Structure formats: structure tokens, C-alpha cells
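Take a look at the structure set out below.
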Amino acid sequence: MTLAHIRLAVLALVGLAAGALTALAVLPHARERLMPNRQVKVWGQALIGGPFSLVDHTGKRVTDADFRGRTMLIVFGSTASPDSTASSLQVLMAALDKLGAKAERAVPILITVDPEHDTPARLKRFIERFNPRLVGLTGTTAEIDAVLSAYRVHAIGKGDASTSAAGTAIDPPSLIYVMGPDGRYRGHLSFTAGVDVVATSLAGML
């Protein structure tokens, strides 16, 4: 075999190796077959949300299962930061108004990040002044912490965060968590996008 033939053979092997590495990088199924990872499971769905058991603004114990069949539009906030929470909720409620009858498929939910301050009675007064369609949820500190963890929410902040009566720093809400009729995470929307953008996005998700 001549030197030229050896060089061609080496180049061919290098090309095959490069092609195989490229396929493993861009084709996850091929990568999983050849290099299975027994510690990491890829399900194709963000691990956001999950079961919860909380108390609504009427004092009734409810779970996530009580909202099955409707899309939950979850906002995290506090009545101790009424300006930021109310202004964000106004965007959501105005977007739902634009959807007309289609909005009946969804239920807007405010989950407090300040359970020591936001009792059911306080949430009820807030909702009565704000919008009767809204559902307010609270619970024990442990129950709220579990929900915040499940939804990857960082409720405690510094700097420009509002402060509750108990002295807890509360980040203003920024996202709407969209949970499908089956309770699974569908995506999230930003209040800063405005009423029209939120309404259009919701119309495609309900």
C-alpha cells in the first residue's frame, strides 16, 4: 500500500468518526441508544408544577385536581405588594376579557408567596375589590414553600422587592404559569408583553 493510499484511508476514518460524533450531538435518540444515561431521564416536558393542597379565599381546602378540565393561569404575588400584584393581574384579567367565551376554559389563580400575612380573609377582601373571577390560594408556610419549589419560583428577594407586614421581602410577580386541563405545564407568559400579546398567546393555548 502506497503512502497516498494510507493517507486516504486515514482521512476516510477521520471523516466517519466526525460524522458519528455529529450524529450523536444532534440526534438524541441515537445518543441515548449508544450512550445511555441511567441517572438522567429526558421526558420532553419541563419539570414545573405538581400536586398541591391549599386553602382558597373562602376558607375551603382545595387541590390541583379540583381545577382539572380547565387551564390554570397561576400568578404568584402578595396583597402586601398591591401595586405590583394588582397591576400584573389587571393585564391577565384584561387579556381574558378579550377572549370572550373562550376565557371560561381558564381559571385565574393568585397563589400568595406570603402565607403568614395573606390569610383567607385578607385574600377574600383583596379579590372582592379586584375581580370576583379570581381564585386566591394560601396555606401554611410549608405548603407554600412546596408550591414555590415545584414551580421554580423565587419569592424572597432584595432591593426593589416589596415588604410585607411581617417584614418579608416579596418579589413582584412577573409571569403567568399556564397549566393545561390535565394539570401539566404548558408554558409561561410575561405580564410585560402587554394585554394584546398575552391575549393572543392564551387564545392559542386554551
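The values are calculated or read from the model by the stated rules, or taken from the named source; none is laboratory data. Fair warning: this is a prediction, and the values are worked out from it, not measured in the lab. As a convention, Cβ positions derive from the backbone with ideal geometry for all residues, glycine included, and neighbour counts pool all protein chains shown. Side chains are part of the model used for accessible areas, which takes the heavy atoms of the whole protein and leaves out ligands, DNA and RNA. Shrake-Rupley method; radii C 1.70, N 1.55, O 1.52, S 1.80 Å.
Going through segment 68-131, which trypsin sites (Lys or Arg not before Pro) have at most 15 other Cβ atoms within 10 Å and a DSSP loop state?
Details: sites: Arg68, Arg70, Lys98, Lys102, Arg105, Arg122, Lys124, Arg125, Arg129; in loops: Arg68, Arg70.
Hits after loop and neighbour filter: Arg68, Arg70.
For Ala101 paired with Ala193, estimate the spin-label separation in nm (one decimal), with each label point 7 Å from Cα along the Cα-to-Cβ line.
2.6 nm
Which value, in Å² rounded to 10, gives the accessible area of Ser53 with a 1.4 Å probe and all protein chains present?
Accessible area of Ser53: about 50 Å².
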